[in-house]
Amino acid sequence: MTADLLSVHATFAALMALLQWVGFMPLLWPWLAPTALGRQLGFVPALGLGMCLGLLANFQTFFFAVAVGQGALPAWALPTIAAALTFVAWAWLVRRFRHVHLGMPATPAKGRWYRHALAMAAVAIALALLAQDIARGVPGVFEAWDALVSWNRWATEWHRHVPPIYTMGYPQLLPTALAGLYGWIDPDAAQPVARLFILLFPVLPCLLLVDGYRRWRDDAFLWGCAAWLVLLRFAFRGMADSGYADVPVACFVSLTAYLLLLGYRGSIDRSMALTLAAIAAAAALLTKQPGGIAWLWWLGAAAAMWLRRQVPWSSIAFKALLFLALAAPWYLYTAWRIRMGVDVTNIGYLVGIIHADRNWIQRIGHALQGPLMDAFAGFGSATTAAGVVTVLLAMACMRVDGRRLVLGLCLPYLLLWASLFSYDSRNLLPVMVPVALALGFGVQWLLDQWDKVLPVTVAADGGGLVNWPLSGVGRWMSFGVLTVAAVLAWVAPWSIEDFRQRQHSLQQAADDPALNRYLLDYARDPGFGGLVLTTYAPMLMMEELRRHTPPLTDNPNLAPVLSQALVQGRPWCELQAISPRFSQIRYLLLHRFLLLPMIEASQADGSLRIVHEQGALRLMRVGCPSIDAKD
């Protein structure tokens, strides 16, 4: 299929990219459904597995062809190779597990009907709240700072078939996923589509929790689904489709945990559960470093199964080698690049220097009182929200499954986060789906107590209520829906050029449209006459302004002497004399709360003069003697 043809049928190109993201699973479901793998997993876990296989195949293709091979390939080569690897992976899994015994059938409906109705209503309300919040930014472009300067920048570099510059040790599954999309739709036109694709990551945990309810008729899974949606809406608002890697890593961590749970409860073959969970754990670790928690859970589950003689040691060793084969090459390659000075790492800063002189107890206290309470503040009252969550988690511990979840998974990760990387509450997201399920167990225990005082006539069972909406996806249903979608996408009237114009208009309207117009006009007349050091994201979004910002390919780590001068609040001209990277800076466009000591000292000695103030930002002109002499 030629690029010219796809440029006319942009929606069809987006559908093809989406199929690659999900490992072509909807297309393959008629073949997968009757196999032992498909019958045991069901549609939703198979969809999650498809995302792992599709994105891992895409990542490995980019990694070995671009980073290791260092050679440019034809535009069609990488998606073709990735698709072939995906099909081979599916075929290998189907063949390997063709003789496994079927898992336990779905549990008959249990519990009192009103509880299932309440849980379903809670999911519907939570979904509506989150969907309404997300819809305000649809269609949208990447606006979050790290999404622009890191994740999407790396994606465009992969798309150009060059190794990403200064990854700081971050794994690249998400950037290569975006680069795969950009192979179908030009990156100058694809950001609205990319923002929609990224919504797959918060949606999959919801589907997994609903699938758990379908299998075991346990209303705690529906309450957990509602809790996950509410947490995304209030505690982590804006993260669902931000372009950051935290929700994607939470998706793969939750998939790993769910596959292990299926094996633990006997719903799927345990050996198969460990294999698929190892693949999901590799996807988690290649998305962001905190995804390593999935691998720790895998090791714990594998050890438990070996001790119970459920899975032989040789089988566990093979699965561990599979994980290492998928995840280790990138980390070894990155360690080599850092050692050679080609790349850098900021781990020492994020887990050490940023904590200043706090000891471990002080770090935990600061994290719980600072970033964690900031997340709870999204609910309106941080104290009330923290109290409710704490009580529900305590109630969850009244159940065996709840205790294992809270004390075995959630609490250890919370302490790890608080003591090491609590610089931002979003780093809690990898464990938020298990936390949400634990909250669901807490609500369930509370309703159990309520049931004890309800009259029997009110608490009659209603098993039919939970059967009709969650009966699974038929063998040919996904193929039929996909065929209809392909036809509609082909006849849709949008071209790549239409997408490009839409992205351009969205970028100009991002954040503060009035300030954007002022900056565009200023760039034309009188002009910046140099570079603008900024924390305002739209400066990096629009090409007319981006050319006036420092290159993102500079080493992001500051020299120690420069960091010390910033901490001391030295005037700008002294900073410029210290650091050659600042020699071309003529303007600063910063948020008001940043670098206040330095700005006050610079205004006092005349080296910074405010040109324009708007909202939370101010544009300042640099007036150092060396610059004035040149001008």
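The set of residues in the stretch 303-323 that are of a type in the set (A, V, I, L, M, F, W, C) and open to solvent by 60 Å² or more (accessible area, probe 1.4 Å) comprises Trp306, Leu307, Trp313, Phe318, Leu321.
Taking into account only those residues within the stretch 491-535 that are of a type in the set (A, V, I, L, M, F, W, C), open to solvent by less than 90 Å² (accessible area, probe 1.4 Å) and within 30 Å of Leu47 (Cα to Cα), which is modelled with the lowest pLDDT? If we take residues in the stretch 491-535 being of a type in the set (A, V, I, L, M, F, W, C), open to solvent by less than 90 Å² (accessible area, probe 1.4 Å) and within 30 Å of Leu47 (Cα to Cα), then Ala492 is modelled with the lowest pLDDT. Of all the listed residues (Ala294, Ala283), the sole one being over 14 Å from the mean Cα position of the chain (by Cα) and not β-branched (Val, Ile, Thr) is Ala294. Can you say whether Asp269 is under 30 Å from Pro163 (Cα atoms) and among the acidic types (Asp, Glu), as far as the supplied structure shows? Judged against the criteria, Asp269 is not a match.
Within the stretch 305-334, the set of residues being of a type in the set (Gly, Ala, Ser) and without any contact (Cβ under 8 Å) to a residue 24 or more places away in the chain comprises Ser314, Ala317, Ala325, Ala328. Pro45 falls short on exactly one of the conditions (1) open to solvent by less than 10 Å² (accessible area, probe 1.4 Å); (2) under 30 Å from Asp186 (Cβ atoms); (3) at pLDDT 95 or above, and that condition is (2). Beta carbons closer than 8 Å, at least 6 apart along the sequence or on distinct chains, pair a first residue in the stretch 483-497 that is closer than 18 Å to Trp184 by Cβ and assigned to a helix (DSSP H, G or I) with a second that is at pLDDT below 75 and not hydrophobic (A, V, I, L, M, F, W, C) for Ile496/Ser7; Glu497/Ser7.
The rows are residues; the columns are (1) over 25 Å from Phe499 (Cβ atoms); (2) part of a helix (DSSP H, G or I); (3) at pLDDT below 95.
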residue: Arg39; (1), (2), (3): yes, yes, yes
residue: Gln70; (1), (2), (3): yes, no, yes
residue: Leu73; (1), (2), (3): no, no, yes
residue: Val94; (1), (2), (3): yes, yes, no
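Within the set Val456, Val466, the sole residue that is open to solvent by 60 Å² or more (accessible area, probe 1.4 Å), of a type in the set (A, V, I, L, M, F, W, C), within 30 Å of Asp219 (Cα to Cα) and modelled with pLDDT under 95 turns out to be Val456. Among the residues of the stretch 152-165, is any acidic (Asp, Glu), within 18 Å of the chain's Cα centre (by Cα) and open to solvent by less than 10 Å² (accessible area, probe 1.4 Å)? No; the residues of the stretch 152-165 include none that is acidic (Asp, Glu), within 18 Å of the chain's Cα centre (by Cα) and open to solvent by less than 10 Å² (accessible area, probe 1.4 Å). Only one of the listed residues (Thr390, Thr384, Thr334) is touching a Gly at 6+ places or on another chain (Cβ under 6 Å) and farther than 30 Å from Ser271 by Cβ. That residue is Thr334.
The values are calculated or read from the model by the stated rules, or taken from the named source; none is laboratory data. Please read these numbers as outputs of a predicted model, since none were measured by experiment. All Cβ positions, glycine included, derive from the backbone under ideal geometry; neighbour counts span all protein chains shown. Quick note on the areas: whole protein, heavy atoms, side chains included, nothing else; ligands and nucleic acids left out. Shrake-Rupley method; radii C 1.70, N 1.55, O 1.52, S 1.80 Å.
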